[in-house]
Amino acid sequence: MFVIILVVALLAAMVSFVVMGIFHEKRTRMISADAFGRSFRFSREDPFDIPQRYRDFALISCGHSPRAFNVSYGQVDSWTLRSFDFRYEVGHGTRRMSRLYNVTVVDTQLELPDVMMWNDSDGDNAPLEIRQVDGHVGGWSFTGDAQLADWLCDFAQKEGCRNLSLQTVNNSLLLSRSGGDKSGKVNMIDPDIAADLLRELKTL
């Protein structure tokens, strides 16, 4: 009986890995198609060493074994935009868990005050930096510049982006959304949202 249970468990694990592989491949193809449709470049792997390049962002410095993949990149106006899936791990041994985010970062020449806004819907996974909050606006806890936090809250609500977290560091803007869609749907952040946000910020 033990052998039968072991075989069934092994077969179930194999089927699970195959199904996950199919979903991952479908997601990769759809993100790639979306990137080329925008005249962006695409790489399955990370050509920029993103965990090192963007280590000053709270999300990127979370956990251990960080990895970026499905990377789309190109120019929006005069800014460099990179969009990618980002996975990191927390815990160890039997308590080890993997967390997945879709992330867009835009490097700008704008002088932006630093602020981090973490979405309440993902509060259980909030970085340590946001545990001591400076305030709360809309559906976000924030640290940093309160005036920019208010403005970003208004913009996100206006654009229907209530499920995003946002951060500005070193004149770069990061937008992130928790989770990946196993159906293969391109659950990525629309680069136009980031571009529109920066165009409005530029006029302030």
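If a residue counts only when it is within 23 Å of residue 45 (Cα to Cα), of a type outside the set (Phe, Trp, Tyr) and in contact with a strand residue (DSSP E or B) (Cβ under 7 Å, 6 or more places away or on another chain), which strands (runs of 3 or more DSSP E) contained entirely in the stretch 67-125 have at least 2 such residues? Break it down into steps so the answer makes sense when it comes.
Numbers: elements: 79-90, 97-107, 115-119.
Hits in the stretch 67-125: 79-90, 97-107.
Being surrounded by 16 or more Cβ atoms within 10 Å (Cβ to Cβ), under 19 Å from residue 170 (Cα atoms) and free of Cβ contacts under 8 Å to residues at least 12 places away in the same chain is true for just one of 82, 53. Which residue is that?
53
Residue pairs whose Cβ atoms lie under 7 Å apart, sitting 6 or more positions apart in sequence or on different chains, and linking a residue in the stretch 164-177 that is more than 16 Å from residue 196 (Cα to Cα) and open to solvent by 20 Å² or more (accessible area, probe 1.4 Å) to a partner that is aromatic (Phe, Trp, Tyr) and part of a strand (DSSP E or B), are 177/101.
Pick from the stretch 85-103 the residues that are within 12 Å of the chain's Cα centre (by Cα) and open to solvent by 20 Å² or more (accessible area, probe 1.4 Å): which of them is nearest to residue 163 (Cα to Cα)? Once the filter is applied, the top-ranked residue is 100.
Taken as a whole, the structure places residue 143 among residues that are more than 18 Å from the chain's Cα centre (by Cα) and surrounded by 17 or more Cβ atoms within 10 Å (Cβ to Cβ).
Here 134, 124 are screened, and the one residue that is over 19 Å from residue 101 (Cα atoms), open to solvent by 20 Å² or more (accessible area, probe 1.4 Å) and either in contact with a Lys or Arg (Cβ under 6 Å, 6 or more places away or on another chain) or at pLDDT below 95 (or both) is 134. There is at least one residue in the stretch 26-43 that is aliphatic (A, V, I, L, M), more than 15 Å from the chain's Cα centre (by Cα), surrounded by fewer than 21 Cβ atoms within 10 Å (Cβ to Cβ) and assigned to a helix (DSSP H, G or I). For residue 195, the criteria (1) of a type outside the set (Ser, Thr, Tyr); (2) within 18 Å of residue 57 (Cβ to Cβ); (3) open to solvent by less than 20 Å² (accessible area, probe 1.4 Å) hold in every case but one, which is (2). Residue 50 meets the conditions (1) modelled with pLDDT of 90 or more; (2) touching a helix residue (DSSP H, G or I) at 6+ places or on another chain (Cβ under 8 Å); (3) among the aliphatic types (A, V, I, L, M) in every case but one. The failed one is (2).
The values are calculated or read from the model by the stated rules, or taken from the named source; none is laboratory data. Treat the numbers as computed from the prediction; the structure is a model and nothing was measured. Heads up, the Cβs are rebuilt from the backbone with ideal geometry, glycines too, and the neighbour counts pull from every protein chain shown. With ligands, DNA and RNA removed, areas are computed over all heavy atoms of the protein, side chains included. Shrake-Rupley method; radii C 1.70, N 1.55, O 1.52, S 1.80 Å.
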